[in-house]
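Reading through the structure tokens given below for one structure.
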Amino acid sequence: MAKKKVPEINASSMADISFLLLIFFLVTTSMAVDKGLSRRLPQPLPPDMKLEDTETKIKDRDIFVVKINSMNQLLVEGKEMNVRELREAAKEFIENPANDENLPVKTQEEIEGLGLVEYTKDHVISVQNDVDTQYQAYLEVQNELVAAYNELRNDYAMTRFGKSYQELDEDTQKAIQKMYPQKISEAEPKNYGGNK
């Protein structure tokens, strides 16, 4: 008695189907992209320009100097400070609530969506670290400075609009960002050693 021949499944199109599925998943899947610290870098100098020509005179009162040495110790405006105190010190510098003559000059300006506001337009926070500063200490300082800006923006939103900054529409958020622009400048790492 002869065996019955079992029909084979035609698998010639399986490669095409798996290729199409692969493309489908690649197109529809969203990738998580790591974000770094957002910082504005200065424009490169034209070859014919000297360094002295580019120096802008920034008043001492408009610069908030934060140094981190090789021992991860913080020196803010010439005084030793704990990183937990940095946020409040930065907020006071950025906002200058008492109009202190040692802090940045307040400017009155019309900002669309906010009207006439008074803010420290020319302030700059200068972060300088040692070549041996640990990355964790550097990140802690950056986090505190960014948190200072975020808290000022949120406080203003709550006072002015009765909502948190995140609850506001995009145009109002941009207007508040213009009032509290994140101006964190980073100097090239130096060798401060253990001494501040």
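The values are calculated or read from the model by the stated rules, or taken from the named source; none is laboratory data. Small disclaimer: the values here were computed from a predicted structure and weren't measured. Glycine also receives a Cβ, built like all others from the backbone with ideal geometry; neighbour counts cover every protein chain displayed. The protein model used for the area step is the full one, side chains on, heavy atoms only, and it has no ligands, DNA or RNA in it. Shrake-Rupley method; radii C 1.70, N 1.55, O 1.52, S 1.80 Å.
Observations
- Meets criteria (of a type in the set (D, E, K, R) and either free of Cβ contacts under 8 Å to residues at least 12 places away in the same chain or in contact with an Asp or Glu (Cβ under 9 Å, 6 or more places away or on another chain) (or both)) for GLU112: yes
- Any chance THR133 is touching a residue at least 40 places away in the same chain (Cβ under 8 Å) and either farther than 27 Å from LEU168 by Cβ or touching a Cys at 6+ places or on another chain (Cβ under 9 Å) (or both): yes
- Taking the criterion of being out of contact with any Phe, Trp or Tyr (no Cβ under 9 Å at 6 or more places or on another chain), open to solvent by less than 40 Å² (accessible area, probe 1.4 Å) and without any contact (Cβ under 8 Å) to a residue 60 or more places away in the chain, the only residue of segment 147-165 that qualifies is SER164.
- Members of segment 89-109 found to be within 30 Å of ASP169 (Cβ to Cβ) and touching a residue at least 24 places away in the same chain (Cβ under 8 Å), listed by number: ALA90, LYS91, PHE93, ILE94, GLU95, ASN96, PRO104
- Within segment 86-106, the residues that satisfy the criterion of being assigned to a helix (DSSP H, G or I) and among the basic types (Lys, Arg) are ARG87, LYS91.
- If only residues of segment 96-116 that are in contact with a strand residue (DSSP E or B) (Cβ under 8 Å, 6 or more places away or on another chain) and charged (D, E, K, R) are counted, the one that is surrounded by the most Cβ atoms within 10 Å (Cβ to Cβ) is LYS106.
- For ASN129, the stated conditions hold: it is within 17 Å of GLN73 (Cβ to Cβ) and surrounded by 14 or more Cβ atoms within 10 Å (Cβ to Cβ).
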